[in-house]
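Notes to accompany the following structure.
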Amino acid sequence: MNVHFIAIGGSAMHNLAIALHKKGFNVTGSDDVLFEPSASRLAKYGILPAEVGWFPQKITTSLDAVILGMHARIDNPELLKAQDLGVKIYSYPDYIYEQSKDKLRVVIGGSHGKTTITSMILHVLQQAGKKFDYLVGAQLEGFETMVGLTRDAPVMIIEGDEYLASPIDRRPKFHIYKADIGVISGIAWDHINVFPTFDNYIDQFRIFAETIQPNGRLIYSQTDEVLNKMVANLTVAIEKIPYDLPEYSIHNGITSIIADGEKCALEVFGQHNLLNMQAARLVCEALDIGSADFYTYITTFKGAARRLEVVGKNDNATIFKDFAHSPSKLTATIRAVKAQFPDRQLIACIELHTFSSLNKDFLNEYAGTMDQADRAIVFIDKKTFEQKKIDPYAAEAVKEAFANKNLLFFNDPAELLKHLENLNINHSNLLMMSSGNFGGINLIELKNILL
């Protein structure tokens with residue numbers, strides 16, 4: 001198979017390119033910008049484009065497929081050439097389905113927890129020695145790439161994002177996979193630039209549930225009222241399996257799950273992760289891994305990259321980084337750290353970076369989300385406003401939206417860094433949350449200064 005990637009440098013795109021290359025496909029690609037680690041990973045497998053840019057001459061009738069990344073525009077010259085020649089064009093979720101249509105497909109959806117639930121399932125399947133293919137949205141310990149494709153694995157575990165498939169395919173990605181087993185972890189409004197109302201956003205999860213194949217299963221969190229109501233109104237012929245918080249305890253900063261009277265000490269913590277674990281357990285049970293084995297395997301799960309990841313720690317302070325950026329994720333992450341370390345002060349810093357989080361009409365959704373932090377900091381890089389062509393707003397507007405008058409606001413990374421470097425974090429935890437990079441602040445160097 002000859003496959004060409006338009007916008008090969010994307011996180012999911014370059015991982016899919018490597019997976020297909022390892023499967024024996026002839027892979028080429030183009031992009032107008034290539035960042036690390038994509039460039040190095042593509043180079044390792046000999047599929048890094050020789051030049052940056054778009055080259056219509058790469059598109060010929062000898063191609064079996066063109067895979068179009070979200071980063072490309074609808075007037076991309078390679079896309080226009082492919083359309084003109086009639087070459088088959090796929091979004092990457094389309095191609096993931098193409099590669100998995102003869103397998104059992106497990107698709108994990110939800111506004112939060114998708115990556116962690118998927119990662120937990122992959123960890124347990126790997127520990128159990130099962131064969132599986134996968135697509136996950138973060139780098140995991142023990143997995144070289146974020147996409148794995150083989151010819152003989154009977155099942156594929158897919159993180160099902162609700163964002164759009166491609167510039168020319170406006171369907172949410174998770175509508176395309178046609179799950180046999182679907183998971184929904186919860187519904188909290190996100191992607192306001194695509195789904196302008198909460199009702200419209202909820203509809204995407206209803207449609208996802210309706211794409212689950214006949215006699216399939218929907219595993220869902222019954223702790224979410226919006227999700228419960230949606231599931232109750234479903235009329236499709238699928239089995240509905242709810243989950244709730246398990247019994248657990250916290251002692252000396254370690255969370256243990258209690259199952260059949262036995263305590264299993266975990267390396268992750270927070271109620272949101274315990275809920276994620278129950279979703280993963282139910283999926284693994286459906287894949288013939290019993291609860292006792294599941295809990296044995298899950299005790300060694302250390303979490304996905306940038307999900308309450310420890311940057312550094314000493315005896316009385318820890319610095320975490322986390323991907324939290326939406327209101328629900330922010331609330332859950334702060335609550336988790338505060339509950340795990342109740343005797344420590346919590347300094348929480350979030351960078352607002354996405355289109356949704358920067359939308360002034362959406363900003364009020366953050367009201368009260370940082371109330372459990374002892375000190376709250378919000379950062380918006382002034383360059384982000386410029387790049388996204390959004391009118392900047394002042395500190396008072398942010399404080400009002402968060403309903404937190406004591407909140408500190410920074411829009412200059414140098415000023416934020418200066419403030420952070422002067423913190424005394426003795427008997428404290430510092431929680432740095434962003435889907436960006438805090439304007440280039442090096443968290444390892446910051447850790448070395450603070451610890």
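Numbers for the structure displayed
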read-out	value
Matching residues in the range 240-269 - criterion: being closer than 30 Å to I207 by Cα and in a loop (DSSP other than H, G, I, E, B)	D244, L245, P246
Lone unmet requirement of (1) among the polar types (S, T, N, Q); (2) touching a helix residue (DSSP H, G or I) at 6+ places or on another chain (Cβ under 8 Å); (3) under 25 Å from T331 (Cβ atoms) for N200	(2)
Helices (runs of 4 or more DSSP H) contained entirely in the range 321-423, each with at least 2 residues that are under 26 Å from F269 (Cα atoms), modelled with pLDDT of 90 or more and charged (D, E, K, R)	327-340
Failed criterion for A292 (all others in (1) small (G, A, S); (2) assigned to a loop (DSSP other than H, G, I, E, B); (3) assigned by TED's automatic domain parsing to the domain that holds F132 hold)	(2)
Output for the range 224-252, where each listed residue is over 24 Å from A292 (Cα atoms) and surrounded by 12 or more Cβ atoms within 10 Å (Cβ to Cβ)	D224, V226, L227, N228, M230, V231, L234, V236, I238
Top-ranked residue of the range 79-103 - restricted to ones that are over 22 Å from the mean Cα position of the chain (by Cα) and within 22 Å of G216 (Cβ to Cβ), ranked as surrounded by the fewest Cβ atoms within 10 Å (Cβ to Cβ)	D102
Only one of I202, I207, I181 that is touching a residue at least 12 places away in the same chain (Cβ under 8 Å), more than 30 Å from I74 (Cβ to Cβ) and more than 18 Å from the chain's Cα centre (by Cα)	I181
Leading residue by the ranking (surrounded by the fewest Cβ atoms within 10 Å (Cβ to Cβ)) among those in the range 140-161 that are closer than 20 Å to S38 by Cβ and hydrophobic (A, V, I, L, M, F, W, C)	F143
Residue check for I59: in contact (Cβ under 8 Å) with a residue 60 or more places away in the chain and crowded, with 21+ Cβ neighbours inside 10 Å	no
Residues that are assigned to a loop (DSSP other than H, G, I, E, B) and under 18 Å from the mean Cα position of the chain (by Cα), drawn from the range 301-320	F301, K302, G303, A304, A305, R306, R307, L308
All positions within the range 64-78 that are farther than 13 Å from P167 by Cα, out of contact with any Phe, Trp or Tyr (no Cβ under 6 Å at 6 or more places or on another chain) and buried (at least 20 other Cβ atoms within 10 Å of the Cβ)	V66
Cross-chain or 6+ apart pairs with Cβ under 8 Å, the range 432-451 first and surrounded by fewer than 18 Cβ atoms within 10 Å (Cβ to Cβ), then assigned to a helix (DSSP H, G or I) and among the charged types (D, E, K, R)	I449/E421
Those residues of the range 183-220 which are within 13 Å of V236 (Cα to Cα), out of contact with any Asp or Glu (no Cβ under 8 Å at 6 or more places or on another chain) and surrounded by 20 or more Cβ atoms within 10 Å (Cβ to Cβ), in sequence order	A209
Contacts under 6 angstrom Cβ, first residue in the range 225-239 being in the same structural domain as R206 (by TED's automatic domain parsing) and in a loop (DSSP other than H, G, I, E, B), partner surrounded by 11 or more Cβ atoms within 10 Å (Cβ to Cβ) and of a type outside the set (F, W, Y), 6 or more apart	L234/A209; V236/E210; I238/I212; I238/G216; I238/L218
Failed condition for I258, given (1) under 24 Å from T354 (Cα atoms); (2) exposed (fewer than 14 other Cβ atoms within 10 Å of the Cβ)	(1)
In the range 123-166, the residues that are farther than 30 Å from W189 by Cβ, of a type in the set (D, E) and not in a loop (DSSP other than H, G, I, E, B)	D133
L48 vs. criteria in a helix (DSSP H, G or I) and either surrounded by 17 or more Cβ atoms within 10 Å (Cβ to Cβ) or small (G, A, S) (or both)	no
Selection within the range 203-224 - more than 17 Å from I176 (Cα to Cα) and either in a helix (DSSP H, G or I) or out of contact with any Gly (no Cβ under 6 Å at 6 or more places or on another chain) (or both)	N215, I219, Y220, Q222, T223
Residue within the range 378-396 that is touching a residue at least 40 places away in the same chain (Cβ under 8 Å), among the aliphatic types (A, V, I, L, M) and assigned by TED's automatic domain parsing to the domain that holds F438 present	no
Residue match in the range 429-441 (condition: in contact with a Phe, Trp or Tyr (Cβ under 8 Å, 6 or more places away or on another chain), assigned to a helix (DSSP H, G or I) and over 30 Å from N316 (Cα atoms))	no
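The values are calculated or read from the model by the stated rules, or taken from the named source; none is laboratory data. Keep in mind it's a predicted model, so treat the numbers as computed, not measured. A quick note on method: Cβ atoms are made from the backbone with ideal geometry, for glycine too, and the neighbour counts reach across all protein chains shown.
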